[in-house]
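Input: a single structure, listed below in structure tokens.
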Amino acid sequence: MQIDDTDRRILRQLLAEPGVATADLAARAGVTAATCWRRLEKLAEAGILKGQHATINWRTLGWAVEVSLRFTLDKTNPRAFDEFLAAAREVPEVIEIQTFLGRVDVRLNVIARDMGHYQEVYRDRILTLPHIADIESLMLVSTIKETGSLPL
């Protein structure tokens, strides 16, 4: 589906304030509420809009540690990826799982309440994941830019 300037205006406004009511979104984008609703439906049907969700600030809830773990898997087992990913999905502190082509096979984003909790999660839940050949840990110090925006 090709998007036009009206779709771009709607998407820009939606990215700026995801929870905005359709009537307000329409006014900000310069279209009627009916037009806005129809366009949102078409964008969703085309897979451009995948839904709306809440973004939770884990740190304000007491989860002060975030670590990105990069894994190289032992690929001598043909089921290594599937078994690793299935086990990683079961770790409640894993908030994101990504797979890659290249030296790194999988990246997990892990949160913990503090360093003691992280050490416990790492020792008891991460190191027990199957088929690990190598792990690299990167502790998040600060987030400089975080956006879902596109240059629309």
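No lab work stands behind these numbers, since they all come straight from the coordinates. Because the structure is predicted, anything quoted here is derived from the model rather than measured.
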Problem set entry | Kirkwood hydrodynamic radius of region 58-139, from inverse mean 1/r over distinct Cα pairs, in Å | 12.9
Exercise. Cα to Cα, under 16 Å, and not fewer than 8 places away if on the same chain: which aspartates and glutamates meet these conditions relative to LYS42?
Worked result: ASP4, ASP5, ASP7
Problem set entry | Alpha-carbon spread of the chain, three principal axes, descending order, Å | 55, 37, 24
Exercise. Once phi is turned into θ = phi - 60°, what whole-Hz ³J(HN,Hα) does the Karplus curve with 6.51, -1.76 and 1.60 give for every residue of region 80-85, x standing for Gly and Pro?
Worked result: 4, 4, 4, 5, 5, 5
Problem set entry | Calculated [θ] (222 nm, deg cm²/dmol) that DSSP helices of n ≥ 4 give over the chain, each run adding -39,500 (n - 2.57) | -9500 deg cm²/dmol
